[in-house]
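Peer 1: Below you will find the structure I want to go over with you.
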Amino acid sequence: MNQSATPNWLQENEGDVAASGTATIDGLEDSESGNNDDNDGSSSSKKESSSRFSCSCAGRGLIIVSSLILLALFAYSASTQSNDIDGIYWIVYYSCCAAIPAVFLVYYMCCFPPIALYILTAAVAIWSIVYIVISSLKLKDTPTTGGATGAGDNANQTLRQEYIFELAGASIGLTSSLFHACMAKYCVKKNNKEE
């Protein structure tokens, strides 16, 4: 009796894989040679589609949860900007930032044209970069003991802290737009059948 550390199911398939070029795991078959009987090029399209990146079930859940968290964060941020001097600009900005995960979730769950998502993410990314530059310049010109005047959201907040929060909000908006654009482009795989 020959007993080794290799399980029986692996020992049985080692010779089969080397001989035929085909590996069978739990009823699934992966062939190196492909289907040579099809002359219409469908085997090459199958290889291309299988080589594309697709998300696992855990990855899908993580994408949905992160989009919902960003949606809630931006909706909350838009609702708290009413006391700012330039609050209307930030309300519109955060509303557009909240629209990105909402549009992405609609695109991810059902049919929606991805071009709308790409246009929205491009616009918010450019807008975010502008706000990052403006907030950085304001932060640079504000003394570290900046007074509380102009900090509309919180009475105990200094102007410098307000600019730090604006910079952080614009940075999160930029990150969200780039994240959702990349997820829509590379991770979400829609079934487009060529007929």
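The values are calculated or read from the model by the stated rules, or taken from the named source; none is laboratory data. Model, not experiment: these values are computed from the prediction. Here the Cβ is made from the backbone with ideal geometry for all residues, glycine too, and neighbour counts use every protein chain on show. Note: areas computed on protein heavy atoms with side chains; ligands, DNA, RNA excluded. Shrake-Rupley method; radii C 1.70, N 1.55, O 1.52, S 1.80 Å.
Peer 1: Under a plain spin-label model, where a point goes 7 Å from the Cα along Cα-to-Cβ, how far apart in nm are Leu178 and Ile119?
Peer 2: Between Leu178 and Ile119, the simple spin-label model gives 2.4 nm.
Peer 1: A follow-up question, please. Any idea how far apart Val92 and Ala72 come out in nm if each label point goes 7 Å out from Cα toward Cβ?
Peer 2: Inter-label distance under the simple model: 2.9 nm.
Peer 1: Still on this model: Order Cys110, Cys96, Cys187, most accessible first, counting only protein heavy atoms with a 1.4 angstrom probe.
Peer 2: Greatest to least solvent exposure: Cys110, Cys96, Cys187.
Peer 1: In a shell of Cβ-Cβ distance under 13 Å around Ser135, excluding Ser135 itself, what net charge do Lys and Arg (+1) and Asp and Glu (-1) give?
Peer 2: Combined, the nearby Lys, Arg, Asp and Glu give -2.
Peer 1: Where a ≥ b ≥ c are the square roots of the eigenvalues of the C-alpha gyration tensor, would you call the range 65-116 rounded, which needs a/c under 1.5, or, failing that, prolate if a/b is larger than b/c, or oblate?
Peer 2: oblate
Peer 1: Okay, moving on. Is the C-alpha gyration tensor of the range 90-146 telling us rounded, prolate or oblate? Criteria: a/c under 1.5 is rounded; beyond that, a/b larger than b/c is prolate, otherwise oblate.
Peer 2: Prolate.
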